[in-house]
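Reading through the structure tokens given below for one structure.
The values are calculated or read from the model by the stated rules, or taken from the named source; none is laboratory data. Quantities reported herein were computed from a predicted structural model and do not represent experimental measurements. For neighbour counting, all protein chains shown are included, and Cβ atoms are generated from backbone atoms with ideal geometry for every residue, glycine included. We work out accessible area using only protein heavy atoms, side chains counted, and drop any ligands, DNA or RNA first. Shrake-Rupley method; radii C 1.70, N 1.55, O 1.52, S 1.80 Å.
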Amino acid sequence: MVGIFFAMGAASDDGPVAKVDTSKADSPLLREDSRIIGEEGASGVTFVEFLDFECEACLALFPIVEQLREDYAGEVTFVARYFPLPGHFNSERAARTVESAARQGKFEEMYMKMYDTQTSWSEKQEPMDDLFRSYAEELGLDMAQFDADYSSEEVAARVQRDVDDGTSLEVQGTPTLYIDGELIQPESAQDLVDAIDAALTK
């Protein structure tokens, strides 16, 4: 069950960059405006995931990340980077929905909503704009602002900047995971725990 989500983001000889210098305030891995899930951790250790909301492997990883967030609350900063894959018809729309919600302070809520509902809209070869808009309504967003943001070039460009950063790091699939700047290719949830613990003891 756990291992299925790792194959798509796994590195090969020409795969993702294995180590990223995060000492700078702004890097392709972690930007000043990167979306943090929950609260920032005090340790300085980061868990960065390049994700696609329509990706089944990302959905499989989601409950594991939620458990890690609970276990390392206040210590580790969990960061989501948009990386919608071209083969997924609605993934870029989903990312724009989440980013639009983020602009009204509802990033985490919409992030979770996308995974909670993924099986009802993924793999559809038709636009899910109306469904995604209903999620915004459920979260009580200002719908005039949401509509403007969702269709704006600014939000589309914000999503694309994450994609461009991932591409510059040679990310090829999702989920692709970095813990404290180091590419992680786990075979189990315990591998993630071990990597976080190791980063915390540095």
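Structure notes:
- The set of residues in region 43-72 being out of contact with any Leu (no Cβ under 6 Å at 6 or more places or on another chain), within 21 Å of Gly105 (Cα to Cα) and in a loop (DSSP other than H, G, I, E, B) consists of Phe53 alone.
- Any chance Met110 is over 15 Å from Gly38 (Cβ atoms), assigned to a helix (DSSP H, G or I) and at pLDDT 95 or above: no
- Criterion: more than 24 Å from Val17 (Cβ to Cβ) and either buried (at least 22 other Cβ atoms within 10 Å of the Cβ) or without any contact (Cβ under 8 Å) to a residue 12 or more places away in the chain (or both) - qualifying residue of Glu75, Glu54: Glu54
- Members of region 10-39 found to be among the hydrophobic types (A, V, I, L, M, F, W, C) and modelled with pLDDT of 75 or more, listed by number: Val17, Ala18, Val20, Leu29, Leu30, Ile36, Ile37
- Unique match (being closer than 23 Å to Pro186 by Cα, open to solvent by 40 Å² or more (accessible area, probe 1.4 Å) and either touching a helix residue (DSSP H, G or I) at 6+ places or on another chain (Cβ under 9 Å) or of a type in the set (S, T, N, Q) (or both)) among Ile36, Ile64: Ile36
- When the residues of region 167-202 are filtered to those that are β-branched (Val, Ile, Thr) and touching a residue at least 40 places away in the same chain (Cβ under 8 Å), the one that is surrounded by the most Cβ atoms within 10 Å (Cβ to Cβ) is Thr174.
- Comparison of Glu137, Glu123, Glu154 shows that the only residue that is in a loop (DSSP other than H, G, I, E, B), out of contact with any strand residue (DSSP E or B) (no Cβ under 9 Å at 6 or more places or on another chain) and over 30 Å from Val193 (Cβ atoms) is Glu123.
- The number of residues in region 113-125 that are modelled with pLDDT under 95 and of a type in the set (D, E, K, R) comes to 2.
- Residue that is of a type in the set (Phe, Trp, Tyr) and in contact with a strand residue (DSSP E or B) (Cβ under 6 Å, 6 or more places away or on another chain), where the choices are Phe78, Phe62: Phe78
- Residue among Asp142, Asp129, Asp164, Asp149 that is farther than 17 Å from Ile37 by Cβ and either at pLDDT below 95 or buried (at least 22 other Cβ atoms within 10 Å of the Cβ) (or both): Asp149
- Matching residues in region 105-126 - criterion: being among the basic types (Lys, Arg) and surrounded by fewer than 19 Cβ atoms within 10 Å (Cβ to Cβ): Lys124
- Looking across region 21-43, just one residue is within 16 Å of Ala199 (Cβ to Cβ) and without any contact (Cβ under 8 Å) to a residue 24 or more places away in the chain, and that is Ser23.
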